[in-house]
Amino acid sequence: MNKAHIYSKTQFNPQINIFGTLDRDQHRQKRRLYGLVLSDRSLRTFEPTMGDEVDTFLRLVLNSAGQPLDMSPLCEHLTADIAGQLAFGQALKTQVDEENRIFPRSMVAFNGVVSLFSK
């Protein structure tokens, strides 16, 4: 049995992604490929990069000089920076620069659009 047709709504270009892959065999192939990227060895190699992003996060928290902080955007930026490094090998620097903060917001908006199409 294949995945429900609603997953096809996440396909906005001809390149098949793991989320919109309806066919089990294609999904298995994609999952196997992602498994290589997310292997223990690969993640251990990535750990220093993730540590750098966490260090940036901690510096921002410590530099708040004891003032109350809204942790939600700080955590969103940390997550975006780690995901950007892991998925794209690209430093988004959303923790320290507002220019690329559009990316995590766009992902949330994209999920909303997919939800609209799924009705």
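Structural remarks
- Using a Förster distance of 30 Å, the FRET efficiency for PHE110-ASP52 (Cβ separation, nearest 0.05): 0.65
- Charges were assigned to the Cβ only: +1 to each Lys and Arg, -1 to each Asp and Glu. The resulting dipole of region 51-100 about its Cα centre is roughly 120 debye.
- Estimated vicinal HN-Hα couplings, Hz - region 94-103 in sequence order (Karplus 6.51, -1.76, 1.60; Gly, Pro = x): 5, 6, 10, 9, 6, 4, 9, 5, 5, 4
- For GLU76 and LEU33, the FRET efficiency from 1/(1 + (r/R0)^6), where r spans their Cβ atoms and R0 equals 30 Å, is about 0.65.
- Over region 35-119, accessible surface divided per residue gives 73 Å², non-protein components excluded, 1.4 Å probe.
- The 3J(HN,Hα) values that the Karplus relation (6.51, -1.76, 1.60; θ = phi - 60°) gives for region 34-51 are, in residue order, 5, x, 5, 5, 9, 5, 4, 4, 4, 5, 5, 5, 6, 3, x, 5, 5, x Hz. Gly and Pro appear as x.
- Split the accessible area of region 22-119 by element, probe 1.4 Å, and carbon with sulfur accounts for 58%.
- Accessible surface of ASP70 - all protein chains present, 1.4 Å probe, nearest 10 Å²: 100
The values are calculated or read from the model by the stated rules, or taken from the named source; none is laboratory data. In this text, all values refer to a predicted model and were calculated from it rather than measured experimentally. Note that each Cβ is placed from the backbone with ideal geometry, even for glycine, and that neighbours are counted across all protein chains shown. Areas reflect the complete protein model, heavy atoms only, side chains present, ligands, DNA and RNA absent. Shrake-Rupley method; radii C 1.70, N 1.55, O 1.52, S 1.80 Å.
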